[in-house]
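Chemist: If you scroll down you'll find the structure; I have some questions about it.
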Amino acid sequence: MPRMLDPKIRSATNHAPAQGAVLARGAFFSTLAFLASNLRAIFMLLVARLLGSAVLGTFGLAWAAMDLLSKFATLGLDYSAIAFVAKTEAAHDPVGSRRVMRAALAISVGSGIGLALVAAVLVWIFGPRFGLRPELARAASVMMLAIPGLALYRVSNALSRGMAVMHHEIYSHGFTESLGTAAALLGALALGIRDLAPEVAAIAGTLASGLVAFFLARRLFASASRAAPRQEGDALVRKLVQASAPIALYDLLNLGVMHIDVIMLGWFVGRAPGVTLETLGIYAAAVQLVGGLRKVGGVFVPIFTPVVARQISSGQMRAAEESYGYLARWMLAILLPALIVLALAGGGIMTIFGAAFYGGGTWVPIIGAACAMNAFVGLGETILMIERPGINLFNSTIAFVSAVGLNLIFIPAFGPLGAALGMLVPYSIQGVLRGVEISWLLKWRWPWRALLKPWLAALIPLPIALVARLFARGIIWEFAAAGLYLAGYLLAWRVIGLERGDRDVLDHLFARSQPNHPQCEKVNMQ
């Protein structure tokens, strides 16, 4: 007669795959949002094909400057709102959740409108006086008007994520912003707007995205049964600002590291060998192409944040480590082969923007490595954000200062290649700092063993693909080597097999014979 497990043991045994299933469901919807957001490539392709690399470079610089300043509008609420809503929902306090929503939106939208107007005027007047070319200053000034829509989108989407709803971004960013921006570009060109058409289209697309995100998020929050006393509302605003301030500062610095290469490359146009508006446009296209690797973090971090926040706050550190092991393994399984494909066929892939963009293939693997590093170590940033947000500020400061310094040295020496190198090194420094700090401060045990199989699967087929790439020339052979590698990668996984924990997660997700399988969490799929 089979031995019966004690109910407590059976519950603990089922907890891990159930928790992994929660993460997998959330990651699935975030993946759909990620894939939908890549529709924005249609807009970039239209700009490159219809207006040329110089206009694309101008737009890339203007967008980077606007995106950086937009962090003064969101003030960290695009991250802290997730944790605030998750905590109020865990306490079964829907009234508190609605207060968080109202306060976060009021702060971010009000700040966004004021910042957009002031920044547009200042950049228009003072940009040329600080050495910025007139066409770049004009484009950046107009682009500042996109800040309110971007702030509304980010904070509204954070509120949805705090309610563990991951699929709203598919509609707001994936479809509305991506396709709306492309349609607005064609409309602007039809009206005779040419040089500023990408900026006008971006303003329309971000505003539409923000409105859709807001209306979707508002539906999740039940109407408050009573009005909050003024003292409670003021106290909530103070708590939001206090919690968001360090997050806002290090997020601003993180975004600065993300965009500083394009911004400084734009500042060096005509001042450094090989740095022109055309090469700036090619570099911006390369950043757009491989930026999808950075967005892989956006697939997993949104669901990781509320789950790990609950686990750490309740003292379940080993469960938090296990959650990290799941997501880190899944991220590596995506990032490693994608990075190798970019290294094998980067030039060929760049030709989707036009034949003149082939030369950007030299920079693609370095930019890709930087973006992959940024995505992967973002999980560590989330862990520190929950417990020690001030340390993230220190790490981001170090990374930003090193990025500025390295770009000042590398760009005059190596041109766009120097900008790519100046992007990779700071992310590496940041990753090392986070790893050491989490281990030391939180007594965290990194699940290195859980990450072994993605590395094996990625490295096993690499030698054959490298031989095919090195002994053949031409775009067709680049794609052939990349295809050969991907086939070998899939075969390697077939031979190695999934981790037992991943198989348990799949069984838990798709089990048909266990309708009463216990669930420790439930992701809202509304």
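Chemist: Taking square-rooted eigenvalues a ≥ b ≥ c of the alpha carbon gyration tensor, is the stretch 346-398 rounded, prolate or oblate, where a/c under 1.5 means rounded and, failing that, a/b exceeding b/c means prolate?
Modeler: Judged from the Cα gyration tensor, the stretch 346-398 comes out prolate (a/c at least 1.5, a/b above b/c).
Chemist: Measuring from the lowest to the highest alpha carbon on each principal axis, how far does the stretch 422-472 reach, largest first, in angstroms?
Modeler: 50, 31, 7
Chemist: Between Thr362 and Val495, how high is the FRET efficiency from 1/(1 + (r/R0)^6) when r is the Cβ-Cβ distance and R₀ = 45 Å? Nearest 0.05.
Modeler: Working: r = 34 Å, r/R0 = 0.75.
In this case the efficiency is close to 0.85.
Chemist: Can you classify the stretch 313-355 as rounded, prolate or oblate using the Cα gyration tensor, where a ≥ b ≥ c are the square roots of its eigenvalues, rounded means a/c under 1.5, and otherwise it's prolate if a/b beats b/c and oblate if not?
Modeler: prolate
Chemist: Another question about this same structure. According to the square roots a ≥ b ≥ c of the eigenvalues of the Cα gyration tensor, what is the shape class of the stretch 14-510, taking rounded for a/c under 1.5, prolate for a/b larger than b/c otherwise, and oblate for the remainder?
Modeler: Working: a/c = 1.63, a/b = 1.08, b/c = 1.51.
Cα axes put the stretch 14-510 in the oblate bin.
Chemist: While we're looking at this one, here's another question. Note down the net charge around Ala182, summing +1 for each Lys or Arg and -1 for each Asp or Glu among other residues with Cβ under 13 Å from its Cβ.
Modeler: +1
Chemist: Using Cα centres only, tell me the gap between the stretch 325-366 and the stretch 60-112 in whole Å.
Modeler: Taking the Cα centre of each part, the stretch 325-366 and the stretch 60-112 sit 32 Å apart.
Here, each number is a calculation from the coordinates, and none is a lab measurement. For clarity, every value in this text was computed on a predicted model and none was experimentally measured. Because the Cβ atoms are built from the backbone with ideal geometry, glycine has one as well, and the counts that use them run over all protein chains shown.
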